[in-house]
Amino acid sequence: MPQFGPQIHNKSTNFHKINHKIMQQAKAYAAPSPKAPLAPWTFERREVGPHDVQIAIQYCGVCHSDIHQVDNDWFPGVFPMVPGHEIVGKITAVGSHVKKFQVGQLAGVGCLVDSCKQCENCDEGLEQFCLNGSVSTYNAIDKAGHITYGGYSNTIVVNEDFTLHISDKLPLAAVAPLLCAGITTYSPLRHWKVGKGHKLAVLGLGGLGHMAVKFGVSFGAEVTVLSTSPNKKEAALALGAHHFVVTSDEAQLAAVRGSFDFILDSVSAQHDVASFLSLLKVNGVHICVGAPSEPHIIPAFALVMGRKSVAGSLIGGLPETQEMLDYCAEHQIVSDIELIKMSEINTAYTRMIKGDVRYRFVIDMATL
Ligand code: NAP
Ligand code: ZN
């Protein structure tokens, strides 16, 4: 979900142009226009180039960013839009120069399908912060000037450098959300070295939030879920969280004031970030990964009282995404999912907006 403005579309025109041949028919579900229900659609994928792999998509997770983009919450999108950036499936073809993948292997694609590979951020494996504008898996323009289409489709063709290895030891459908919800929570927890001795609060228990709980617990932190939904308490504790606080309950909030080293904020809608800063210890960090369309308002006093920081984090680069996938395979971490048919996508969006998903919808592409 790396784009937060149309400027990245413009930057992508700085790329050296590549001419991909566009040839193969793909089936998909697309939003024909902003805020419109998704419906069946066909389009063309490029031919497999020398450095490309082609994946028959088996499962695709449904991220709240898909809803933000269909709704034009962040910037004017490109329509028809085929969302989906939590993609897993089997490789059906590889280009002549592909070294890392073979036909028949499992593979994944997350939020990025290209970047300049030359700037200092790309050099460091932080392709999500590519100085020349990385290319998002959908709702973007690639180096050839073509619109990118995401994973609510039967097939995708991707450069091997933006393709991930997927373990066959984990249930594949539950691996799909790791490609966005997983890396988006793993990366900041690693960056801020969250672990033993830390008290971590996870604000919002949805797709990202439940992965943050799993990683936080796995890294050794004491984890508290801060939620608007009292009915998620049992499930939160079952996920491994040590404590559960209902954010509408003043007494419960007062009991945790000044207690957290970190708050990982995964809330998708407008909310009062400043009101949560009082829950941080001195030097505490409030890490925003949720991306509501409206700006947060943070009074200076909410920060200066206790030397607090409000920070942000965007998905993760390719090396760290592979590291996260390998960590999950080693530690048997996957997403808790509700498997849906492709035709159920519009109901899934409605339920997600209400916070009613335990905890990630994943589309079974066999139903497309
Ligand atoms: P999600 O599954 O819908 O979860 C969001 C959670 O936020 C809900 O389950 C709910 O938790 C809480 N929430 C929803 N509406 C709320 C409101 N009005 N007030 C307070 N809390 C509310 O969404 P997601 O897929 O995890 O994505 C969450 C956000 O992260 C989205 O904005 C998405 O675009 C963004 N995102 C960012 C990145 C990145 O790289 N930074 C990557 C992916 C997604 P409770 O019921 O527990 O309160
Ligand atoms: Zn996402």
Exercise. Would you calculate the separation in nanometres between label points at THR347 and ILE147, each defined as 7 Å from the Cα along the Cα-to-beta-carbon direction?
Key: 2.8 nm
Practice problem: Roll a 1.4 angstrom probe over the protein heavy atoms and tell me the percent of accessible area of the range 254-368 that is carbon or sulfur. | Solution: 56 percent
Exercise. Could you please state how large a percent of the accessible area of the range 40-158 is carbon and sulfur, counting protein chains only and using a 1.4 Å probe?
Key: 47 percent
Quiz item: When the helices in the chain are scored as -39500 (n - 2.57) per DSSP H run of 4 or longer and the sum is shared across all residues, what 222 nm value do you end up with, to the nearest 500 deg cm²/dmol?
Solution: -6000 deg cm²/dmol
Practice problem: Using a 1.4 angstrom probe, figure out how much accessible area the chain has per residue, in square angstrom, rounded to the nearest whole. | Solution: 41 Å²
Quiz item: Arranged from highest to lowest average of other beta-carbon atoms within 10 Å per residue, in what order do the peptides 342-352, 49-59, 211-221 appear?
Solution: 211-221, 49-59, 342-352
Practice problem: Provide the percentage of antiparallel DSSP beta bridges, counting only those with both residues in the chain; round to the nearest 5. | Solution: 55 percent
Quiz item: How large is ³J(HN,Hα) for each residue in the range 286-295, as worked out from phi by the Karplus curve 6.51 cos²θ - 1.76 cosθ + 1.60 (θ = phi - 60°), to whole Hz, x for Gly and Pro?
Solution: 9, 9, 8, 10, x, 9, x, 6, 8, x
Quiz item: How large is the dipole of the range 55-115 about the Cα centre if only Lys and Arg carry +1 and Asp and Glu carry -1, each at its Cβ, rounded to the nearest 20 debye?
Solution: 460 debye
Exercise. For the range 339-354, take each phi angle, set θ = phi - 60°, evaluate the Karplus expression 6.51 cos²θ - 1.76 cosθ + 1.60, and give the result in whole Hz per residue in order, putting x for glycine and proline.
Key: 7, 10, 7, 4, 5, 8, 4, 5, 5, 4, 4, 4, 5, 5, 4, 7
Quiz item: What ranking, highest mean first, results for peptides 354-364, 238-248 when packing means the other Cβ atoms within 10 Å averaged over each residue?
Solution: 354-364, 238-248
Quiz item: Under the definition of Cα pairs under 8 Å and six or more residues apart, what whole-number percent is the relative contact order of the range 143-260?
Solution: 19 percent
Quiz prompt | Charge dipole of the range 264-356 about the Cα centre (unit charges at C-beta), most positive-ward option of MET342, GLY284, GLY316 | solution = GLY284
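The values are calculated or read from the model by the stated rules, or taken from the named source; none is laboratory data. What you see is a predicted model; the values in this text were computed from it and never measured. Here Cβ is always computed from backbone atoms with ideal geometry, including for glycine, and neighbour counts include all displayed protein chains. What goes into the accessible areas is simple: the full protein's heavy atoms, side chains included, and nothing from ligands, DNA or RNA. Shrake-Rupley method; radii C 1.70, N 1.55, O 1.52, S 1.80 Å.
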